[in-house]
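What follows is calculated from the coordinates using simple rules that are stated; it is not laboratory data. Keep in mind that what you see is a predicted model, and the values were worked out from it rather than measured. Glycine gets a Cβ as well: all are built from the backbone with ideal geometry, and neighbour counts include every protein chain shown.
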Amino acid sequence: MNNERKQLNKQEFKNLTNKVNNNSLCVEYFRKSLFNTSFRGSKDLERKKTIYKDKKTTIKVDRSLNQKHRDLLSLLTYEQKSKIAEDGSYYIKTSLYSLAKKMGYKNPKDSVNLITLLLEDMQKTLMQVKQKKKEYTHTLLGRSFYNEEDSEYIIQIPAETAKYHIYSTSVSIPKKLNEKIVGIENRKSRLKALISFILANKKLENGMNFDTICSKLDITEKTAKSKFKKQIKENVELLKEFKILFKNDKFYLKKEKCTFYPALTEKQILSFEKSEEQKKYNELLEELLNFDTDKIITTAKQADRQVFVKNTEDKKLAFYNVDNVFERFLNDNEVKNLINFFKSKKGDND
């Protein structure tokens with residue numbers, strides 16, 4: 001799918017509106033290693049990093065981000081939003097000072113520049129998603145500017161980013177729960193990544209083993225995995241606060257707290273387009289059935305001396321010959337052609 005700016009159809013707009021109004025983010029932002037497990041460092045990559053790959057989808061990014069970026073992006077979802085434009089783009093209205101305060105900086109006023117740098121990182125980060133029939137290339141955030149009149153910092157969510165949200169599953173983490181995640185101290189950033197990952201997965205009733213989690217979080221070295229497991233065992237009570245249990249080398253989510261919003265599928269789009277086409281067809285047919293019968297007869301005779309009239313009992317178009325003798329009902333293609341013909345002639349008969 002290309003990145004042309006075009007108007008969303010009704011189903012796309014409904015899907016996006018529901019996700020935006022419920023403060024959700026793509027689960028891929030939490031399930032994949034988009035944000036590394038540290039709280040430091042951000043840099044351009046010499047070559048794109050593959051953060052996910054299976055038979056159907058490959059996701060790459062060109063920048064390294066961390067848990068500070070994750071925190072900031074998640075906080076933005078709860079800020080005031082503008083009306084969604086026809087192409088899906090919209091704006092988030094916020095305060096840099098307020099964001100710095102929510103991020104836990106001791107001196108928020110002096111930390112505004114740090115928030116700006118984190119935002120700039122996400123504005124520069126390109127995510128490339130390749131699938132069999134679609135391809136998305138978008139930044140996590142769009143352009144931003146300061147509105148002096150209202151003392152607001154305005155951040156754009158571009159149409160391309162919104163489009164990706166529509167065709168991805170999204171998760172809404174309750175505001176207080178997310179603030180609790182943001183409040184986890186920096187030295188426990190790996191636990192923060194772990195908690196975000198688990199909450200962004202619908203159900204872990206059967207559990208997920210430690211090695212699988214490490215793979216998802218891009219923790220692959222033996223020493224790093226050993227330190228991570230030690231940190232998990234030392235913070236079992238913290239995990240319990242999020243209803244996460246670690247038992248026999250497996251993680252379990254006791255109670256699902258988050259709300260998920262489904263991706264819009266190609267099948268749904270095709271079904272919607274078909275229903276819209278049928279709706280339009282029915283409206284045109286109704287318009288044709290409401291034509292004055294005498295005008296229809298006159299126009300039809302002028303065309304090819306075949307007379308078309310409406311059947312008043314079951315509202316089907318019937319075909320009569322020049323002697324006004326019923327022959328048969330029209331099939332769908334004939335009705336479509338007739339609709340187009342009379343639409344073109346309607347002005348002549350008014």
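If R0 is taken as 25 Å, the Cβ-Cβ distance between LYS93 and GLU179 corresponds to a FRET efficiency of 0.85. Cβ crowding within 10 Å, taken as a proxy for footprinting-reagent exposure, orders TYR146, TYR153 from fewest neighbours to most as TYR146, TYR153. Among the listed pairs LYS6/LYS134; LYS32/LYS130; LYS32/LYS53; LYS176/LYS240; LYS230/LYS254; LYS180/LYS255, those with a Cα-Cα distance over 19 Å are LYS230/LYS254. Note on GLN268 and SER226: the extension gain reaches 10.6 nm, defined as 0.36 nm multiplied by sequence separation minus the Cα-Cα distance.
Multiplying the residue separation of ASN209 and LYS257 by 0.36 nm and removing their Cα-Cα distance gives an extension gain of 15.2 nm.
A simple spin-label model places the labels of ASN331 and LYS202 4.2 nm from each other, with each point 7 Å out along Cα-to-Cβ.
Model label sites at GLN80 and GLU276, defined 7 Å from Cα along the beta-carbon direction, differ in position by 3.2 nm.
Remark: the stretch 10-184 carries a charge dipole of roughly 980 debye about the Cα centre, counting +1 on each Lys and Arg Cβ and -1 on each Asp and Glu Cβ.
Per-residue packing, averaged as other Cβ atoms within 10 Å, sorts the ranges 263-276, 179-192, 69-82 into the order 69-82, 179-192, 263-276, beginning with the highest. On the basis of the beta-carbon distance and an R0 of 30 Å, LYS247 and THR57 show a calculated FRET efficiency of 0.40.
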